[in-house]
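Trainee: Starting off with a structure, shown below.
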Amino acid sequence: MTRIISGYAGSLRLNVPKSGTRPTSDRVREAIFSALDSWNVLPGSHVIDLYAGSGALGLEAISRGASRATLVEKNPAAAAVARTNARSVIAAYPRERAGDPPPRINVVARGVSSYLESATVAADVIFVDPPYELSEELLQRDLDRIADLLSPHGIALIERSSRSPEPAWPSTLTQFRRRDYGETTLWWIELSESRPPAAE
């Protein structure tokens, strides 16, 4: 069972595709959003969730204050699940905030490479959670294009198997943090011209 962890939609149950995706564990999602909350980058942000699956990462960001999320998922069944989850998260938007525009969520049923080739709107946070079997070559291609989409102080998160090598970062991106959680490794990256949002 997957749920929104915190924010206005906290505890909302999310549907999960029957097959073809690998949901991020609650433990890892909590670690991801604990970091993002501590850096205060989510309020009002535009988030892109690549290889979105159920959309759990992008929708968690919406619940915690992001104003816009783009969920990119090529599997038609998974994209349909993401749309259902997005409607549930929008429906949970508090009535007392009726004076504020509700967040916007767009589910894009396309392959990530195809989306990145044509995307032009900058994002403040980009989640990259591909299937663990995605080749390093294809990941490298994604990273090259992601650099063009990050806002000046944006952050990207790469989630990979702990058995995978460190990605070959393009010169436009700098890795500033790594965390390991069992079988999962999280790599945090930013544009090379900027500075880490927090020092540890």
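Trainee: For the full complex of protein chains and a 1.4 angstrom probe, list SER151, SER6, SER171 by accessible area with the highest value first.
Mentor: SER171, SER6, SER151
Trainee: Let me ask something else. Using the heavy atoms of the protein chains and a 1.4 angstrom probe, tell me the accessible area per residue for the chain in square angstrom. Before the final figure, lay out the partial values.
Mentor: Details: 9520 Å² over 200 residues.
Ligands and nucleic acids excluded, the result is 48 Å² per residue.
Trainee: May I pose another question? With a cut-off of 8 Å between alpha carbons and a minimum separation of six or more residues, what is the relative contact order of the chain in percent?
Mentor: Contact order relative to length: 17 percent.
Trainee: Can you give the % of DSSP beta bridges in the chain that are antiparallel, to the nearest 5?
Mentor: For the chain, the DSSP antiparallel bridge percentage is about 45.
Trainee: Ignoring ligands, DNA and RNA, what percent of the accessible area of the chain is carbon or sulfur (1.4 Å)?
Mentor: 48
Trainee: Also: Sorted by packing (mean other beta-carbon atoms within 10 Å per residue), highest first, where do 64-75, 103-114, 130-141 land?
Mentor: Ranked from most to least packed, the peptides come out as 64-75, 103-114, 130-141.
Trainee: Whole angstrom only: what separates the Cα centroid of the range 165-188 from the Cα centroid of the range 10-85?
Mentor: 19
Trainee: Order these peptides, 45-51, 173-179, by their mean beta-carbon neighbour count within 10 angstrom, highest first. If you can, show how the numbers build up before the last one.
Mentor: Working: 45-51: 26.0, 173-179: 15.7.
The densest-packed peptide leads the list: 45-51, 173-179.
Trainee: So how tilted is helix 136-146 from the main axis of the chain? Cα-based, degrees 0 to 90, rounded to 10.
Mentor: 70
Trainee: Using only the Cα atoms of the range 44-166, what semi-axes does the equivalent ellipsoid have when each is the square root of 5 times a gyration tensor eigenvalue? Give whole Å, largest first.
Mentor: 25, 16, 13
The values are calculated or read from the model by the stated rules, or taken from the named source; none is laboratory data. Keep in mind that this is a model prediction, so the values were computed, not measured. When we count neighbours, we look across all protein chains shown, and the Cβ atoms used for this are built from the backbone with ideal geometry, even at glycine. Only protein heavy atoms, including side chains, enter the accessible area calculation; ligands, DNA and RNA are left aside. Shrake-Rupley method; radii C 1.70, N 1.55, O 1.52, S 1.80 Å.
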